[in-house]
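**Q** Got a structure for you, questions after.
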């Protein structure tokens, strides 16, 4: 289950960024996850919940923003969303494409909990 490795790295980044911005507790984390990453959202949420215990992200909401697979045909340059992992160009039928989205995996944002903001006043 590669979700544990993903969440382990995610927690290190969140901890580092929370300290850098003097955030005591995180309320919400938004991830961009490309469909080609083969991440199971339910497993990712479960791992996040377990790894977040006793950390700055304990109780935080994890929002997973899926990124569709998009490609560009190397023959006709058409850009298209890839349906069901069929990488054939819908315009010219060529099978040689460049993937332009769908491999993303990054933290788009995180929001501090209200009490973190109150501590700053």
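The values are calculated or read from the model by the stated rules, or taken from the named source; none is laboratory data. The structure displayed is predicted, hence computed values, not measured ones. Methodologically, a virtual Cβ is constructed for each residue, glycine included, from the backbone with ideal geometry; neighbour enumeration extends over all protein chains shown.
**Q** Out of (1) more than 23 Å from residue 3 (Cβ to Cβ); (2) free of Cβ contacts under 8 Å to residues at least 40 places away in the same chain; (3) in contact with a helix residue (DSSP H, G or I) (Cβ under 9 Å, 6 or more places away or on another chain), what's the single condition that is false for residue 67?
**A** Single failed check for residue 67: (1).
**Q** For residue 24, all conditions in the list (1) within 14 Å of residue 105 (Cα to Cα); (2) in contact with a helix residue (DSSP H, G or I) (Cβ under 6 Å, 6 or more places away or on another chain); (3) surrounded by fewer than 19 Cβ atoms within 10 Å (Cβ to Cβ) hold save one; what is the number of the exception?
**A** So residue 24 meets the others, but not (1).
**Q** Between a first residue in the stretch 38-59 that is closer than 18 Å to residue 12 by Cβ and a second residue that is modelled with pLDDT under 95 and crowded, with 16+ Cβ neighbours inside 10 Å, which pairs have beta carbons less than 6 Å apart while being 6 or more apart in sequence or on different chains?
**A** Listed by first residue and then by second, the contacts come to 44/3; 47/3.
**Q** Output the residues belonging to the stretch 40-62 that are under 11 Å from the mean Cα position of the chain (by Cα) and either crowded, with 19+ Cβ neighbours inside 10 Å or more than 21 Å from residue 104 (Cβ to Cβ) (or both).
**A** Initially, the stretch 40-62 is screened for residues under 11 Å from the mean Cα position of the chain (by Cα), giving 41, 44, 62.
Correct list: 44, 62.
**Q** Can you confirm whether residue 99 is touching a residue at least 60 places away in the same chain (Cβ under 8 Å), part of a loop (DSSP other than H, G, I, E, B) and surrounded by 14 or more Cβ atoms within 10 Å (Cβ to Cβ)? Break it down into steps so the answer makes sense when it comes.
**A** Details: touching a residue at least 60 places away in the same chain (Cβ under 8 Å): yes; part of a loop (DSSP other than H, G, I, E, B): no; surrounded by 14 or more Cβ atoms within 10 Å (Cβ to Cβ): yes.
In short, no.
**Q** How about the stretch 102-119: which of its residues are touching a residue at least 24 places away in the same chain (Cβ under 8 Å), loosely packed, with under 15 Cβ neighbours inside 10 Å and outside any strand (DSSP E or B)? Full working, then the answer.
**A** Initially, the stretch 102-119 is screened for residues touching a residue at least 24 places away in the same chain (Cβ under 8 Å), giving 102-116, 119.
After this cut, where a residue has to be loosely packed, with under 15 Cβ neighbours inside 10 Å as well, the list is 103, 106-109, 114-115, 119.
103, 114, 115, 119 - these are the residues of the stretch 102-119 that are touching a residue at least 24 places away in the same chain (Cβ under 8 Å), loosely packed, with under 15 Cβ neighbours inside 10 Å and outside any strand (DSSP E or B).
**Q** Would you mind telling me which numbered condition in (1) modelled with pLDDT under 95; (2) touching a strand residue (DSSP E or B) at 6+ places or on another chain (Cβ under 8 Å) residue 2 fails?
**A** (2)
**Q** Can you find even one residue in the stretch 70-83 that is surrounded by fewer than 12 Cβ atoms within 10 Å (Cβ to Cβ) and either in contact with a helix residue (DSSP H, G or I) (Cβ under 9 Å, 6 or more places away or on another chain) or touching a residue at least 40 places away in the same chain (Cβ under 8 Å) (or both)?
**A** Looking for residues that are surrounded by fewer than 12 Cβ atoms within 10 Å (Cβ to Cβ) and either in contact with a helix residue (DSSP H, G or I) (Cβ under 9 Å, 6 or more places away or on another chain) or touching a residue at least 40 places away in the same chain (Cβ under 8 Å) (or both), one finds none in the stretch 70-83, hence no.
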